[in-house]
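Asks: Once you've had a glance at the structure underneath, I'll fire off some questions.
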Amino acid sequence: MALIGRTMAATLAALALAGAAGQPAQAYWRATGSGTGTVSTAAAAANVLTLVLTATGSGHTVKASGKAGSGSPYQATITVYLCKSSPCNAANAAATLTTTQSGGNYSVTSGNLNSWATVYGQANQLQNSGWRDYATAPAPISNP
């Protein structure tokens with residue numbers, strides 16, 4: 001009897017691991033109530049947004065630049081949040097820069113950040129489906 005219990009436990013554990021490894025991006029939904037509807041997705045619109053922060057060396061400013069989505073799945077506006085601490089996002093932003101992508105690229109320069117010890121960044125771009133793509137700068141800028 002104990003052998004059957006251990007065998008069953010090992011089998012269930014193996015099935016759980018196989019299921020998790022086979023579908024790492026699977027999501028589970030829980031809803032209450034009833035009704036019908038659709039959930040918009042970003043089908044065929046891969047996240048291409050990147051962000052690089054560089055100190056310009058002039059007037060304590062920071063340049064935010066990178067690749068952006070272009071064409072019908074994407075809106076043209078890029079919003080860049082600059083933060084004094086991490087994590088950098090809209091809620092933590094000390095400055096917000098807005099620009100438009102051109103040919104899949106964007107670039108925008110901040111105002112004077114003389115009093116900032118460190119600058120973190122996050123770029124955002126909306127898709128027409130309503131999904132938001134974002135990219136975080138790989139490293140902060142110190143003493144711009």
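Readers should treat all values here as calculations from the given coordinates under stated rules, not as data from a laboratory. Bear in mind the structure is a predicted one, so any value in this text is a computation, not a measurement. FYI the Cβ positions are ideal-geometry reconstructions off the backbone, even for glycines, and counts take in every protein chain you see.
Asks: For Ser107 paired with Asn143, estimate the spin-label separation in nm (one decimal), with each label point 7 Å from Cα along the Cα-to-Cβ line.
Replies: About 2.7 nm separates the two model spin labels.
Asks: Full-extension gain between Ala94 and Ser72, please, as 0.36 nm times their residue separation minus the C-alpha to C-alpha distance.
Replies: This chain segment gains 4.8 nm when fully extended.
Asks: Something else now. Taking R0 as 35 Å, what FRET efficiency do you get between Thr56 and Ser129 from their Cβ-Cβ distance, rounded to the nearest 0.05?
Replies: So the FRET efficiency works out to roughly 0.50.
Asks: Please give, to one decimal in nm, the separation of the simple spin-label points placed at Val48 and Asn114, each 7 Å out from Cα toward the Cβ.
Replies: Taking the two extended label points, one gets 4.0 nm.
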